[in-house]
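Since the structure comes first, as structure tokens, the remarks are kept for the end.
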Amino acid sequence: MADLLVEQPREITISKTFPAKPKLKPKAKTPSKTPESKYWSSFKSHQISNLISSIPSIDFSPISPHQFAATNSASLTLFSSQTLSPTSTISFSDVVTSCSFRCDGSLIAASDLSGLIRVFDVKTRTPLRRLKSHVRPVRFVKYPLLDKLHLVSGGDDSVVKYWDVAGESVVSDLYGHRDYARCGDCSPINGEIFVTGSYDHTVKLWDVRVDSKESVIEVNHGKPVEDVIFLPSGGMVATAGGNSLKIWDLIGGGKMLYSMESHNKTVTSICVGKVGKESGEEALQYRILSVALDGYMKVFDYAKMKVTHSMRFPAPLMSIGFSPDCMTRVIGSSNGIIFAGRRKGKEDVGESKSGNFWALGSVEEPQRRALRPTYFRYFHRSQGEKPNEGDHLIMRPKKVKLSEHDKLLKKFRHKEALVSVLSGKNPENVVAVMEEMVARRKLLKCVVNLDEEELGLLLGFLHKHSTMPRHSGLLMGLTKKVLEMRADDIRASDALKSHIRNLKRSVEEEIRIQHSLQEIQGIISPLLRIAGRR
């Protein structure tokens, strides 16, 4: 009975047509930027190159307009965060190593290699206090965030000092480090708690209320510590030393939470920055910004424990600062150049507009006539209105634009579609049409029906693209089938023989390259295996 059955012709209908696209799209050479990368890239670069030596310290004023100070040689220079131009300079008798603004922004303290700490009035640059107790160079000085009367300092004498600024006296000498005390930071929740880092690889948490004058918590970074900061919660600190940045949980007794080793050279400075976007997933989230001698600035999201952005600069980097209003980022280098970046905000646009108004005089906005049914605008009102944020948009379906080969595929004219796309210059479209014809089981049938000129087009395409890695899986198999099915036609035509010679030459070249790569892989594999054991 099965032999007597006759298959009835079926009516083929196409509900919707889509353009032929390759299944394996080639990846872009440069990966697309994430929203956060776009945010950090929006800081327009500006170089300040009037300085002559390394810039070891940068600090921002906590009070608007958030001017910043940079130490350079024997001077302390104040800059405007809006114009990025210097506003004043304070001279010292020795090289300045560190600076720190008071919480109200009215005073600034700076230390130098002579062991002296000086306190100045920011507006008048008047020296107010001289704090002298260190017998070696002072490497850091810091104002507590919640205290206007005290200072914390540390230096090459490995002593950490807690100062009474008004009385120019030392309240506490804290001994515990066995090498240079290089960095420190004060707690954002308690003015009497601070943390210091030293070249003895240790980071110590101090509380001046403890009578024993010993550190409360001690952690070992594993490398000489170059910088240490409190994170905004006050319960964690981040340390930088060697090529690693580590995060420690102080509430958990000094447990290490994460170690990031994305820099190639010594990490010299770190600070806390905030993504100042008003909306989006990354809005108002804190990040750790780090710079190193390899010239890279890295942005680290310590909530997700990953690097979210990286930027290269043409010099070793020594210090970094980020303004509290999230508008200015400043990086100091070892050759005396400050790489400043400012993000254009709404207030900048408003200032420029107001400046234009002052230049041209007051300009009154012309009044529009009220709409009446006799006006043409009356019948087209609200058609140009933009949707609000919460509106639901109903979009018109976009008309699909079909190219010539897509139209031929739609009409099931497979051979003409293949010839049409081979005549073009886009190999991605050719591969897409071939994949579609393989799915329809028509590709080999079309190859059989090609005349000599059309077969020459196909062989020319196979010669150019059959050895490309992303297309070789399909095209090498097709090449083999073409040679088997059209061998007689190829022998009878000199033009087709020329295509075959070119194809053979490209395949032999690809085989030679693969053999060379295997030799290189054999050399590298033992080296990688040895490096992995260390």
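Brief remarks follow.
- Top-ranked residue of region 194-214 - restricted to ones that are more than 24 Å from SER244 (Cα to Cα) and either of a type in the set (Asp, Glu) or open to solvent by less than 40 Å² (accessible area, probe 1.4 Å) (or both), ranked as modelled with the lowest pLDDT: ASP211
- Residues in region 231-251 that are among the hydroxyl-bearing types (Ser, Thr, Tyr) and under 18 Å from VAL299 (Cα atoms) were compared, and the one that is surrounded by the most Cβ atoms within 10 Å (Cβ to Cβ) is THR239.
- Residue tally, condition in a helix (DSSP H, G or I) and at pLDDT below 70, over region 360-379: 1
- Counted as qualifying within region 187-302 are the strands (runs of 3 or more DSSP E) with 2 or more residues that are under 30 Å from LYS38 (Cα atoms), namely 225-230, 236-241, 244-249, 255-260, 267-274, 286-292, 296-301.
- Note on region 432-513: enclosed helices (runs of 4 or more DSSP H) holding 2 or more residues that are among the acidic types (Asp, Glu) are 452-465, 487-491.
- In the set VAL165, VAL228, only one residue is over 18 Å from ILE288 (Cβ atoms) and either surrounded by 20 or more Cβ atoms within 10 Å (Cβ to Cβ) or more than 35 Å from the chain's Cα centre (by Cα) (or both); that residue is VAL165.
- Pick from region 215-225, criterion out of contact with any Leu (no Cβ under 8 Å at 6 or more places or on another chain) and open to solvent by less than 60 Å² (accessible area, probe 1.4 Å), ranking: modelled with the lowest pLDDT: GLY222
- Listed by first and then second residue, the pairs linking a residue in region 103-125 that is basic (Lys, Arg) to a residue that is open to solvent by 40 Å² or more (accessible area, probe 1.4 Å), with Cβ atoms under 6 Å apart and 6 or more places separating them unless they lie on different chains, are ARG118/PRO127; ARG118/ARG130.
- Residues in region 441-469 that are among the charged types (D, E, K, R) and either in contact with a strand residue (DSSP E or B) (Cβ under 6 Å, 6 or more places away or on another chain) or surrounded by 13 or more Cβ atoms within 10 Å (Cβ to Cβ) (or both): LYS442, GLU452, GLU454, LYS464.
- Checking each residue in region 381-414 for being outside any loop (DSSP other than H, G, I, E, B) and surrounded by fewer than 18 Cβ atoms within 10 Å (Cβ to Cβ) picks out GLU404, LYS407, LYS410.
- Residue in region 467-490 that is more than 26 Å from GLU435 (Cβ to Cβ), among the small types (Gly, Ala, Ser) and without any contact (Cβ under 8 Å) to a residue 40 or more places away in the chain present: no
- For region 117-141, a residue qualifies if it is farther than 13 Å from ARG182 by Cβ, surrounded by fewer than 19 Cβ atoms within 10 Å (Cβ to Cβ) and not polar (S, T, N, Q), and the qualifying residues are ASP121, LYS123, ARG125, PRO127, LEU128, ARG129, ARG130, LYS132, VAL135.
- All of SER525, SER516 fail the test of being loosely packed, with under 11 Cβ neighbours inside 10 Å and modelled with pLDDT of 90 or more, apart from SER516.
- Considering (1) touching a Cys at 6+ places or on another chain (Cβ under 8 Å); (2) open to solvent by less than 10 Å² (accessible area, probe 1.4 Å); (3) not in a loop (DSSP other than H, G, I, E, B), the lone condition that PRO144 does not fulfil carries the number (3).
The values are calculated or read from the model by the stated rules, or taken from the named source; none is laboratory data. Quick caveat, the model's predicted, so the values are computed rather than measured. Glycine gets a Cβ as well: all are built from the backbone with ideal geometry, and neighbour counts include every protein chain shown. Side chains included, ligands, DNA and RNA excluded: accessible areas come from the protein's heavy atoms. Shrake-Rupley method; radii C 1.70, N 1.55, O 1.52, S 1.80 Å.
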